[in-house]
Amino acid sequence: ARETGVNVGVLNGRIEKIGPLNAGIVSARALADLDTLFGYCEMHLAKDGLGVFPKGRTWQDEIRKAKLRWSFEYEAIKSRTDEDSVVLRIERLTTKIISVVNQKGGVGKTTTAINLSAALARAGKKVLIVDLDPQGNASTGLGVDASDREFTTYELLLEDIDVGLAIQATKLEGVSIIPATVDLSSADIELVSNEKRSFLLHDALRQTTMEAFGCDYVIIDCPPSLNLLTVNA
């Protein structure tokens, strides 16, 4: 830095505890998978920032997993020292999971979730809404009758069903939904004893069925309280 005249500073601390850096380039060692790395670095990348990550022979599996949650473009550059390794050049990294959250009811969460989904679908994106509100207003608003909600977010979280069973088409082209019913109102109590209670939705949205479904964005309509359902989102 002294020889080139570049203004360099050193921040001593964990990346998740440092505020947004607006960095042009973010890099990291290959130990964590891409999904985890993106979670750490997304907030720190400038709008046209670049991620540079060395990866081993499983890099294609990591790309597939990361694309369930993130939107990005990448280039795999072969390593000069290891034929099984690459350096991944990541651009235009943005999250694909958007949670609409507020502890107060009647503030427009469901309206926001539906309108955002409709706007994304109109832009040519394939959208999945996850209805986590026991009132099921997003499900009703998108034309899913209560009698047609055989598999819902309740079964997805508490009965560990395949996510593909719960996904339903809606009246909006390009928008699908995992509906909710009043059964979900008891989930907060029923989940307490589950060791993975805070990560059940996380795991469900990473099933191989989701990869086959191939949506561009997941919009989560949360309940009007800070409970385990909201924590899952």
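With a 10 Å Cβ neighbour count serving as the proxy for reagent exposure, in which order, fewest first, do Val231, Val130, Val144, Val163 appear? Display every interim value, and only then the final one.
Values: Val231 15, Val130 28, Val144 24, Val163 21.
In order of increasing Cβ crowding within 10 Å: Val231, Val163, Val144, Val130.
For all pairs of alpha-carbon atoms in the range 15-95, what percent lies in each bin of width 5 Å, listed from the first bin to the last filled one?
Distribution as computed: 3, 16, 28, 27, 16, 7, 2, 0 percent.
So which trypsin sites (Lys or Arg not before Pro) in the range 55-137 are both in a DSSP loop and have at most 10 other Cβ atoms within 10 Å of their Cβ? Numbers along the way, then the final one.
Numbers: sites: Lys55, Arg57, Arg64, Lys65, Lys67, Arg69, Lys78, Arg80, Arg89, Arg92, Lys96, Lys104, Lys109, Arg122, Lys125, Lys126; in loops: Arg57, Lys67, Arg69, Arg80, Lys96, Lys104, Lys125, Lys126.
Of the trypsin sites (Lys or Arg not before Pro), the ones in loops of the range 55-137 whose Cβ has at most 10 other Cβ atoms within 10 Å are Arg80, Lys104.
Which percentage, to the nearest 5, of the DSSP beta bridges contained in the range 97-232 is antiparallel? Mind dumping the intermediate values first?
Working: 2 of 15 bridges.
Rounded to the nearest five, the antiparallel share is 15 percent.
For Cα pairs less than 8 Å apart in space and 6+ apart in sequence, what is the mean separation divided by the residue count of the chain, i.e. the relative contact order in percent? Let's see the in-between values first.
Numbers: 411 pairs, mean separation 46.9, N = 233.
Once normalised by length, the contact order is 20 percent.
Taking the range 6-89, which GluC sites (Glu not before Pro) meet the DSSP loop condition and have no more than 12 other C-beta atoms within 10 Å? Could the numbers behind the result be given before it?
On the way: sites: Glu16, Glu42, Glu62, Glu73, Glu75, Glu83; in loops: Glu83.
Those that pass, being in a loop and sparsely packed, are Glu83.
Which order, highest average first, do 184-191, 21-28 follow once you tally other Cβ atoms within 10 Å for each residue and take the mean per peptide?
Values: 184-191: 17.0, 21-28: 13.9.
Order by mean packing, descending: 184-191, 21-28.
Once you wrap a convex hull around the alpha carbon atoms of the range 113-220, what is its projected area averaged over all directions, in nm²?
Values: hull surface 24.8 nm².
Projected over every direction and averaged, the Cα hull of the range 113-220 covers 6.2 nm².
Please get the size of the charge dipole for the chain, origin at its Cα centre, with Cβ charges of +1 on Lys and Arg and -1 on Asp and Glu, quoted in debye to the nearest 20.
Numbers: 26 positive and 32 negative charges, 210 e Å.
Result for the chain is approximately 1020 debye, rounded to the nearest 20.
Loop only by DSSP, 14 or fewer other Cβ within 10 Å of the Cβ. Give me the GluC sites (Glu not before Pro) in the range 111-161 that pass, ordered by residue number.
On the way: sites: Glu150, Glu155, Glu159; in loops: Glu150, Glu159.
Here the GluC sites (Glu not before Pro) that fit, given the DSSP loop and packing criteria, are Glu150, Glu159.
Can you give the relative contact order of the range 146-233 as a percent, counting alpha carbon pairs under 8 Å and 6+ residues apart? List each step's numbers first, then the result.
Details: 86 pairs, mean separation 26.3, N = 88.
Answer for the range 146-233 is 30 percent.
Could you point to the label whose value was computed as Cα extents along the principal axes in Å for the structure here, given (1) 54, 54, 33; (2) 69, 40, 36; (3) 45, 40, 31?
Label (2) holds the value from this structure.
Considering the dipole of the chain built from charges on the beta carbon (Lys and Arg +1, Asp and Glu -1) around the Cα centre, which of Ile129, Leu93, Ser185 is farthest to its positive end?
Going by the Cα projections, it comes out as Leu93.
Set the Förster radius R0 to 25 Å, insert the Cβ-Cβ distance between Val107 and Asp216 as r into 1/(1 + (r/R0)^6), and round the FRET efficiency to 0.05.
Numbers: r = 26 Å, r/R0 = 1.05.
So, using R0 = 25 Å, E works out to roughly 0.40.
Given the rule -39500 (n - 2.57) for each run of at least 4 DSSP H residues, summed and divided by the residues of the chain, what is its mean residue ellipticity at 222 nm, to the nearest 500 deg cm²/dmol?
Working: 10 runs with 65 residues, N = 233.
Here the helix-only value at 222 nm equals -6500 deg cm²/dmol.
What's the extension gain from Ile161 to Leu50 if we count 0.36 nm per residue and subtract their Cα-Cα distance?
36.2 nm
We did not get these values from a lab; they are worked out from the coordinates using the rules stated. On a predicted model such as this, the values are computed, not experimentally measured, just so you know. Every residue, glycine among them, receives a Cβ derived from its backbone with ideal geometry; neighbour counts consider all protein chains shown.
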